[in-house]
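Participant: Okay, here's the structure, questions in a sec.
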Amino acid sequence: MRGHLAILAALAWARVGLGQGPNDMSAPAARASAAQTDVNTGVIGSRIRSASAGDTIRVPAGVYREHLRIDKPLTLIGEPGAVLDGGGRGDIVEVAAPDVTLSGFVIRNTGIDLDHENAGVRVMAPRARIENNTLDDTLFGIDLRDASDSVVRGNRVGGKDLDVARRGDGIRLWRSDRTLVEGNTIHDGRDAVLWYSKGITVRGNTAERCRYGFHLMYSDEVTLEDNEVVENSVGIYLMYSTGIEVRRNRMIRNRGPSGYGLGLKETDRFVVENNLFVGNRAGIYLDGSPFSPRIPGVFARNTIAYNDVGAVFLPAVRGNRFTLNNFVDNIEQVAVLGRGSLAGNEFWVGETGNFWTDYQGYDQNRDGVGDFVHESFTLFENLVDRHPKLRLLLFSPAQQAIEFVGRAIPAVRPEPKFIDEVPLVRPVPVDAGRPAQRPDRAGLSLVALAMGGGGLALVFVARPRGMARRRRNNGGAA
Amino acid sequence: MITIRNVTKRFGRTAAVNDVSLAVGDGDAVALWGTNGAGKTTLIRCVLGLLRFRGSIDVGGVDVARHGKRARALIGYVPQELGFYDDLGVAEAIGFFGRLKGLRALGVGGVLEGVGLVGAERKRIRELSGGMKQRLALAVALLGDPPVLVLDEVTASLDACGRDEFVSLLSRLAAGGRSLLFASHRVEEVTALARRVVLLERGVMTGEVPARDLVPHLGLQATLHLRIAAASRERAARLLREGGFEPENNGVGLLVSVPTTQKAAPFRILAEGRIAVDDFDLHAHGEQAHEPEARP
Amino acid sequence: MTTLGTIAGVAGEGRRAHQTPGIPSNIATVARREMREAMRSRWFLLYSLAFAALGLSLSFVSAAAAGGMGLAGFGRTTAGLVNLVLLVVPLMGLTAGAGSIAGDRERGMLTYLLSQPVSRTEVLLGKYLGLAGALVACITLGLGACAAIMAWKGDATRPGSLVWLGGLSLALAMGMLSVGMLLSVLARKASVAVGTAVFLWLVLVFATDLALMAGAIAMKLRIEELFSLALLNPLQVFKMWSLHAADASLDVLGPAGLYATEEYGRWLHAIFGGCLAAWIVLPLTAAAVVFARRSPV
């Protein structure tokens, strides 16, 4: 019972506000687009009505207050300056036929009806290409339902300025297999959610300031690569999915109440390589993954730096294999919640371990591998794991005093959390691209100048005043 | 200029100054006379508003206890020994105290010339001799031309030669309508600077005499010349000091100044301490017996 | 007679100026004197060098740890600096304050200074401001040097958080200086004052936090109690405020931090500010009262 309470307490701070789980992401509303009566009544609408399958419609610049329903295989190209404005009602574009291309439009101002899931672009048929559109002020951005083999590329999707609970998804895929989501930017929305879709590729997208950057639900054989996921509540969350590859993504400063760079829940057969996890609340969060520990979860060549916790394991998690990763100055490098143990996971395999900035040993024979085993234990962490509220005293000198005692007196030394027998002494090169957040050299220089200048000014004020005065007075007296 | 009414200052149970009243008029010069511990310094500190006391003191009509700062603006003060940042340059010190006294532009050269410190601007206080330090303190005291000058044993840390020079400097500069209150236990200072002498003894004012009458008045004092074996001389001196006397070791014995009515007291103290007195002499010339170099 | 004339001339000029003595100008005069004296002293040099050296090595080390990956710092350098400030700045403030009045008294300077036309409050405030100036110079020079290293090494620390850190360090220094001054007017001897200051430093830096931890475990303190108790320690306030300012979120500090964020939210700035302001104003006021009442001798 007490152990259970401890786990609950430990989870309490990490769990608050972690969405409402899959429940609120229920199947799309059974809506009747027919309810929208004024569809295809405007200039573009009439051209759609009169077009035949395979036609290309070019829309010149201008603001079109219309709601479109594309019900035959057409190509709609918005020339620069072509704006579709929904006037704050309903959906804006509905794609009801396969093989439709929609490209180059500014699509803005949907309704805010969550029941009807008002969307900027709703695709209800396969093989759509939604490209290079800018969606702004949309409840849902691009919503694909049963739209397999589609391409969503180069769009910029902005949500409505609403409370998160009243926002819709920036991009949603529903049973849309083999879809390519590439080079899109999603900002200030709720989530980009991928439901029940097999074999999709999510590549080179940017998600910033959303709730979930990318969220997989029951989607198998998915590749997530080269995405930049910055300052969302949660970066990438994989749930109930199998066969996932996560490569060369950058998960930076995702600091919502759960704040995972990458979370995995009951996910199987995954490979996480060459990613960058920086400044998240938790770099990696593992909950029941891998679900069937026969196939290990692979974490290799990732840099996990400056997170509050590098990798968090729920108590029963096992079967993960970490090699060649850089664990750089995370406040807590690896944590296991509650009374769990990391015993079922590996932090070195054969001759290959990881790079740990808190490694205390050295490498005398210069083979790149530390001469001593890396045993992760710190007395303060141990204390905090048992009494989470003591985290309040993090970063205080008392913490260092306790760590010092832990190192100096073996009797109070806790059991090591895990062992890396072959720790690396140099960081591993990671091919994850560069984070967008660049050092602000100009700003820092300015600060240096201001502070240094201020300090020197004070020293100048305090210079011996007598000098000048004395000389003057000497002259006067002579 | 200075009015002291019924001033009492206690440190714990002992009254360092006990119900003293006196007045220093415009242009008056009053010396506070007494041995160390008579309460001179304490009274001066009361006048400067440094201590809290019972009774009242006002300077130029300003109540010291309530408006210390305004009262002090009327006072130039020279302490027994200048205690200030050693590293400070002379000119800097003048500038600093000048600003405290509300003076903006100061001709430091002129100020130093007035007290005979020309050429010392660049020196640090630490590098000054005792006499030069006192001159500097005097220069500081005279900044802003205060109507009152208060001096506390200003020559006590000087050698005989420096003392004479400083007193003559004082007698030249302190004049000019200023009121003067100073503590001393040196006859030549008092006769040179004071008009009146207020006699203090253990915090109590025992009398007041014109300065020229001090020497005869001091006839009441006697100096005992006690011959004591060198081995026990130190202990004897200590016992006498504890007994309230101020013995001075002159190499062959101890010189003790005693009121004529208490000439036997030192003998009693020494007898109690089982110290033998080999011989003794009695001089009736008071303080001057301490200071053969100052004898006229 | 010429000498007399010169003095009188100077004096006459002085008397005219004397009609407009401003209280602030006295404070400024004492402050400048004190600052100059502090900057000449060995402690100032020692602290400045120690602070700058530690800060610089810290900046270098964090640049070296992840510099190759192009993500040096990312706020972690600031966290290290927070730790450094927590250790060094309170010691500077406390000992500088403790040595001031007590030291002057011991060297016999205090009576002489107070015999001049200044009030005790002016002397106290002047000394406070002077020492504060010296501390400000020491801290800004140290942090400025760190900022220069960070700019050079391409540290990803945001300039804004460094500015916050600087400002809060100064506030902490002022508070500790205040406490030091109080010790200084209370103690008879400088050695006692400085000794007490060092002891107090140990208490604030280590003892209170360790006691808080022990108490939190033994007495099963609730998180809101823990947070309130932590507010009593100016060092913890400084730390929490720095993190809050840099991150806009205290939940890095666990349940208690999360509680603070949720319960007080935008009021946290005011709460932390109020706490530090109290540490600056109250001890200094107490020092002024004691100083005005006690004999300076």
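Bear in mind these aren't lab numbers, they're just calculated from the coordinates by the rules spelled out. Since the model is a prediction, treat every value here as computed from it, not as a measurement. Using ideal geometry, Cβ is built from the backbone for each residue, glycine included, and neighbour counts are taken over all protein chains shown.
Participant: What residues have an amide H closer than 5 Å to that of A:Arg65, excluding those fewer than 5 places away on the same chain, when H is modeled at 1.01 Å from N in the peptide plane?
Facilitator: For A:Arg65, whose amide H was placed from the backbone, the distant partners under 5 Å are A:Asp85.
Participant: Still on this model: So for chain A: antiparallel DSSP bridges make up what percent, rounded to the nearest 5? Each step should come with its number before you reach the end.
Facilitator: Working: 4 of 123 bridges.
Within chain A, antiparallel bridges account for around 5 percent of the total.
Participant: Would you work out which of A:Val202, A:Leu173, A:Gly54 lies farthest towards the positive end of the dipole of the range A:35-210, given +1 charges on the beta-carbon of Lys and Arg and -1 on that of Asp and Glu, about the Cα centre?
Facilitator: A:Gly54
Participant: For the protein assembly as shown, what is the charge dipole size about the Cα centre, in debye to the nearest 20, if Lys and Arg each add +1 at the Cβ and Asp and Glu each add -1 at the Cβ?
Facilitator: On the way: 118 positive and 104 negative charges, 615 e Å.
I would put it at about 2960 debye.
Participant: Suppose a student asked you for the relative contact order of the range A:143-203, using Cα pairs under 8 Å spaced at least 6 residues apart; what percent would you report? Present the calculation step by step, with values, prior to reporting the outcome.
Facilitator: Details: 151 pairs, mean separation 24.5, N = 61.
Answer for the range A:143-203 is 40 percent.
Participant: Determine the calculated [θ] at 222 nm for the protein assembly as shown from helices alone, applying -39500 (n - 2.57) to every DSSP H run no shorter than 4 residues and normalising by the residue count; nearest 500 deg cm²/dmol.
Facilitator: Details: 29 runs with 409 residues, N = 1071.
Calculated mean residue ellipticity at 222 nm is -12500 deg cm²/dmol.
Participant: I've got another one for you. Can you sort A:Lys198, C:Lys239 so the residue with the fewest Cβ neighbours within 10 Å comes first? Can you show the working numbers first?
Facilitator: On the way: A:Lys198 18, C:Lys239 28.
By the 10 Å Cβ count, ascending: A:Lys198, C:Lys239.
Participant: Same structure, new question: Across peptide B:63-76, what mean number of C-beta atoms from other chains lies inside 10 Å of a residue's C-beta?
Facilitator: 3
Participant: What residues have an amide H closer than 5 Å to that of A:Ile186, excluding those fewer than 5 places away on the same chain, when H is modeled at 1.01 Å from N in the peptide plane?
Facilitator: Sorted by chain and number, the residues that satisfy this are A:Val157, A:Thr206, A:Ala207, A:Glu208.
Participant: Return the subset of C:Lys127/C:Lys189; B:Lys69/C:Lys127; A:Lys198/A:Lys265; B:Lys133/C:Lys127; B:Lys40/C:Lys127; C:Lys189/C:Lys239 for which the Cα-Cα distance in this structure is over 26 Å, preserving the input order.
Facilitator: Over 26 Å Cα-Cα: B:Lys40/C:Lys127; C:Lys189/C:Lys239.
Participant: Ok, one more. Picking from C:Leu235, C:Pro159, C:Ile139, whose Cα lies most toward the positive end of the charge dipole for chain C (charges on Cβ: Lys, Arg +1; Asp, Glu -1)?
Facilitator: Looking along the dipole axis, the top candidate is C:Ile139.
Participant: On to the next question. Counting pairs of alpha carbon atoms under 8 Å apart in space and at least six apart in sequence, what relative contact order in percent does chain B give? Each step should come with its number before you reach the end.
Facilitator: On the way: 566 pairs, mean separation 57.0, N = 296.
It rounds to 19 percent for chain B.
Participant: Here's a follow-up. Indicate the gyration tensor shape class of the range C:24-293 (rounded, prolate or oblate), computed on the Cα atoms with a ≥ b ≥ c the square roots of the eigenvalues: a/c under 1.5 is rounded; otherwise a/b larger than b/c is prolate and the rest oblate. Could you put the intermediate results ahead of the total?
Facilitator: Working: a/c = 2.16, a/b = 1.42, b/c = 1.52.
Oblate, because a/c is 1.5 or more while a/b does not exceed b/c.
Participant: Per q in 0.18, 0.27 1/Å, what log10 I(q)/I(0) does a Debye calculation on the alpha-carbon atoms of the range A:326-404 return?
Facilitator: Listed by q, the Debye log ratios stand at -0.89, -1.42.
Participant: Among DSSP beta bridges lying fully in chain B, give the percent that are antiparallel, nearest 5.
Facilitator: On the way: 35 of 53 bridges.
So the antiparallel bridges in chain B amount to around 65 percent.
Participant: Under a Cβ-only charge scheme (Lys and Arg +1, Asp and Glu -1), can you give me the dipole magnitude of the range B:2-217 about the Cα centre, in debye to the nearest 20? Working shown, then result.
Facilitator: Working: 29 positive and 23 negative charges, 164 e Å.
Around 780 debye, computed over the range B:2-217.
Participant: Okay, moving on. Helix B:130-142 sits at what angle to the longest principal axis of chain B, using alpha carbons and giving 0 to 90 degrees rounded to 10?
Facilitator: 50 degrees
Participant: Please give the charge dipole size of the range A:35-210, origin at the Cα centre, charges +1 on K and R Cβ atoms and -1 on D and E Cβ atoms. Round to the nearest 20 debye. Let's see the in-between values first.
Facilitator: Details: 24 positive and 26 negative charges, 69 e Å.
Dipole size: approximately 320 debye.
Participant: Per-residue mean of other chain beta-carbon atoms within 10 angstrom of the beta-carbon, peptide C:196-207?
Facilitator: Values: counts 0, 0, 0, 0, 0, 0, 1, 0, 1, 4, 6, 2.
The mean count of partner-chain Cβ atoms within 10 Å per residue comes to 1.
Participant: Based on the mean of other Cβ atoms within 10 Å per residue, sort peptides A:266-278, C:133-145 so the most packed one is first. Before the final figure, lay out each step's value.
Facilitator: Numbers: A:266-278: 23.5, C:133-145: 25.3.
Listed from highest to lowest mean packing, they are C:133-145, A:266-278.
Participant: Another question, if that's okay. Can you give the Kirkwood hydrodynamic radius for the range A:35-210, in Å, rounded to one decimal and based on Cα pairs? The partial results should precede the final answer.
Facilitator: Details: mean 1/r = 0.0645 Å⁻¹.
15.5 Å is the Kirkwood radius here.
Participant: Okay, next question. Over the whole of B:152-159, what's the average partner chain Cβ count within 10 Å per residue? Rounded to a whole number, please.
Facilitator: 0
Participant: Can I ask one more? Just the projected area, averaged over all directions, of the convex hull on the alpha carbon atoms of the protein assembly as shown: how many nm²?
Facilitator: Working: hull surface 232.5 nm².
If I average the Cα hull's projected area over directions, I get 58.1 nm².
Participant: Given H placed 1.01 Å from N in the peptide plane, which residues other than close sequence neighbours of A:Asn330 have an amide H under 5 Å from its amide H?
Facilitator: A:Tyr306, A:Asn307
Participant: How many angstrom lie between the Cα centre of the range A:97-159 and the Cα centre of the range B:167-195?
Facilitator: What the calculation gives is 103 Å, centre to centre.
Participant: Once the principal axes of the Cα atoms of chain B are found, what is the range along each, listed largest first in whole angstroms?
Facilitator: Taking max minus min along each principal axis of the Cα atoms, chain B gives 65, 42, 36 Å.
Participant: Based on alpha-carbon centroids, what's the gap between the range A:360-427 and the range A:214-293 in Å, whole number please?
Facilitator: 27 Å
Participant: Let me ask something else about it. Taking θ = phi - 60°, what integer Hz values does the Karplus form 6.51 cos²θ - 1.76 cosθ + 1.60 yield along the range B:107-121, in sequence order, with x for Gly and Pro?
Facilitator: x, 4, x, x, 4, 5, 4, x, 10, x, 10, 4, x, 9, 3
Participant: Rounded if a/c is under 1.5, else prolate if a/b beats b/c, else oblate: with a ≥ b ≥ c from the C-alpha gyration tensor eigenvalues square-rooted, which is chain A? Numbers along the way, then the final one.
Facilitator: On the way: a/c = 2.45, a/b = 1.43, b/c = 1.71.
It comes out oblate by the Cα gyration axes.
Participant: Once the other residues with Cβ under 9 Å from the Cβ of C:Pro255 are scored (Lys, Arg +1; Asp, Glu -1), what is the net sum?
Facilitator: Numbers: positive: A:Lys389, A:Arg391; negative: C:Asp251.
Within the 9 Å Cβ shell, the charges total +1.
Participant: Given labels modelled 7 Å from the Cα in the Cβ direction, how far is it in nm from A:Arg166 to A:Asn365?
Facilitator: Going by the 7 Å Cα→Cβ label model, 6.7 nm.
Participant: Right, something else. Rounded to the nearest 5, what % of the DSSP beta bridges within the range B:136-235 are antiparallel ones? Can you show the working numbers first?
Facilitator: On the way: 6 of 11 bridges.
Bridges in the range B:136-235 that DSSP calls antiparallel: roughly 55 percent.
Participant: Quote the relative contact order of chain A in percent (integer), defining contacts as alpha-carbon pairs under 8 Å separated by 6+ residues.
Facilitator: Details: 1366 pairs, mean separation 34.2, N = 478.
Computed value for chain A: 7 percent relative contact order.
Participant: Provide the per-residue ³J(HN,Hα) series for the range C:221-236, in order, calculated from phi with Karplus coefficients 6.51, -1.76, 1.60 and θ = phi - 60°, each as a whole number of Hz, with x at glycine and proline positions.
Facilitator: Using θ = phi - 60°, the values come out as 4, 6, 5, 5, 5, 4, 4, 4, 5, 4, 5, 6, 8, x, 5, 5 Hz.
Participant: Put +1 on the Cβ of every Lys and Arg and -1 on every Asp and Glu Cβ in chain A; which of A:Gly406, A:Val369, A:Asn345 then has its Cα farthest towards the positive end of the dipole?
Facilitator: Selected residue: A:Gly406.
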